[in-house]
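The values are calculated or read from the model by the stated rules, or taken from the named source; none is laboratory data. Computed from a predicted structure; not experimentally measured. We place every Cβ from the backbone using ideal geometry, glycine too, and count neighbours over all the protein chains shown. Accessible surface areas use protein heavy atoms only, side chains included; no ligands, DNA or RNA. Shrake-Rupley method; radii C 1.70, N 1.55, O 1.52, S 1.80 Å.
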Amino acid sequence: MPRIVIHVGTHKTATTHIQDTLHKNRRLLRDHGVIYPSIGQQRGHHGLASAWIPLGDIYSYRNPARRWATLDRSSLRKRKDSETVIISSEEFSRWAPHHVDMAQLRELLSGFDEVRLICVVRTQPAFIQSVYQQVSSDRNPGEIAPYLEEANTRKRVEGLFTNYQQLLKHFYSGFAPEEVRLISYERAVKQENGILGAFLKTARVDFNPAMLVPFGDRNSNVSLEPLATLAANMVSKGHKAPPYLLRVAQASVTSHFGPNARTTLFTTEEVDRMAQLYEPMNRKLEKMVQPVQPKFRMPTVENAVAERITRDRMDGDFFETFARYIYHERHKGAEHG
């Protein structure tokens with residue numbers, strides 16, 4: 001029976017990029033003993049998590065149990081034992097308001113000779129920031145200070161763990177420790193073949209990632225500069241920021257801070273508080289996985305936002321620049337109206 005790899009996210013760790021690329025290269029991968037099934041309408045396998053987590057119609061499968069059954073020995077038609085099936089969805093790592101029963105998931109995989117669960121984790125300031133930006137595409141998350149405070153208090157952001165010890169314990173409720181592997185997002189993206197190379201290596205897939213055809217010219221789901229998202233949300237006053245406002249907010253950030261400016265939603269003081277909170281958790285996480293991953297390390301929290309322009313530098317001059325851009329955009333729209 002082929003082995004199976006379950007890629008469970010987390011969110012905002014290039015999961016869409018991995019899913020898009022693997023989906024585009026399905027035939028090439030199959031020729032090299034890697035099966036990335038095409039199931040449903042999405043390139044990721046989010047619907048397989050809909051057996052436990054209510055998802056929108058575009059993601060859910062009508063009968064998730066039957067879809068899981070398509071991965072059994074008969075549906076794979078006795079493929080070679082050396083082949084690897086890869087399933088990928090970040091929804092497998094969600095906790096609230098619903099989460100996957102890991103024991104049930106592991107039971108569904110009992111027919112496979114080998115099971116590996118892979119999770120990519122990101123330092124908490126970068127993770128919380130990226131989630132905030134993603135949420136902003138659907139609704140206005142509100143002021144960033146209380147948003148961050150709630151995340152730090154609950155150790156979750158939008159139902160996703162920021163305490164990765166808790167996330168790992170969730171995985172261990174169904175999977176043996178030796179079946180679980182963690183990848184540091186920040187360390188992976190700096191490797192020669194990036195996050196895809198790190199993922200395939202951890203999956204123990206004998207395939208050169210340089211052979212993969214890119215899904216597109218750019219990585220999937222690339223966000224604006226964080227301070228641009230925040231500025232647009234502030235002006236929108238509780239409403240979802242319209243596209244034109246996001247566009248001029250990005251232009252304002254570029255104009256005020258420079259074309260190569262990298263920004264963060266947080267103040268220096270907030271980063272210091274997150275370091276005090278999450279650094280001990282991350283070091284304990286390393287010790288938890290040491291028996292099976294002795295070389296796993298999480299970057300320090302401070303490095304996640306090093307050399308970035310902090311929120312406290314959004315001064316009156318910045319908002320004056322932003323106001324001018326808004327005025328010119330609206331005036332231009334009126335002229336063409």
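Here is the list for the stretch 233-337: GluC sites (Glu not before Pro) lying in DSSP coil, each with at most 10 other C-beta atoms within 10 angstrom of its C-beta, are Glu307.
For the stretch 82-155, what is the convex hull (Cα atoms) projected area averaged across all directions, in square nanometres?
6.9
Taking trypsin sites (Lys or Arg not before Pro) across the stretch 84-139, the ones in a DSSP loop with at most 13 further Cβ atoms lying within 10 angstrom of their Cβ are Arg139. Between Gln290 and Ala261, the contour length at 0.36 nm per residue exceeds the alpha carbon distance by 6.7 nm.
Each label was represented as a point 7 Å from its Cα along the Cα-to-Cβ direction; for Arg247 and His32 these points are 4.0 nm apart. Mean separation of Cα pairs under 8 Å and 6 or more residues apart, divided by the residue count, gives the chain a relative contact order of 20 percent. Per-atom-type breakdown for the stretch 68-202 gives carbon and sulfur 45% of the accessible area (1.4 Å probe, protein chains only).
Using 0.36 nm per residue, how much length does the chain from His331 to Leu277 gain when fully extended, once their Cα-Cα distance is taken away?
Length gained, His331 through Leu277: 14.8 nm.
Taking the alpha carbon gyration tensor of the stretch 121-227, multiplying each eigenvalue by 5 and rooting it gives semi-axes of 28, 22, 10 Å, largest first. Per the Kirkwood formula applied to alpha carbons, the stretch 277-333 shows a radius of gyration over Rh ratio, Rg over Rh, of 1.40. If you bin all the Cα-Cα distances of the chain at 10 Å, starting from zero, the percentages per bin are 5, 23, 31, 24, 12, 4, 1. In plain terms, the C-alpha convex hull of the stretch 158-220 casts an average shadow of 6.1 nm² when viewed from every direction.
The mean of 1/r over all pairs of different alpha-carbon atoms in the stretch 11-118, once inverted, gives a Kirkwood hydrodynamic radius of 14.6 Å.
Looking at the chain, the accessible area is 50 square angstrom per residue; that uses a 1.4 Å probe and ignores ligands, DNA and RNA.
As a rough guide to protection, the peptides 178-184, 13-19, 197-203 ranked by mean Cβ packing within 10 Å, highest first, stand as 13-19, 197-203, 178-184. Scattering from the stretch 154-287 was approximated by placing one identical point on each alpha carbon and applying the Debye formula without solvent; log10 I(q)/I(0) at 0.19 1/Å stands at -1.25.
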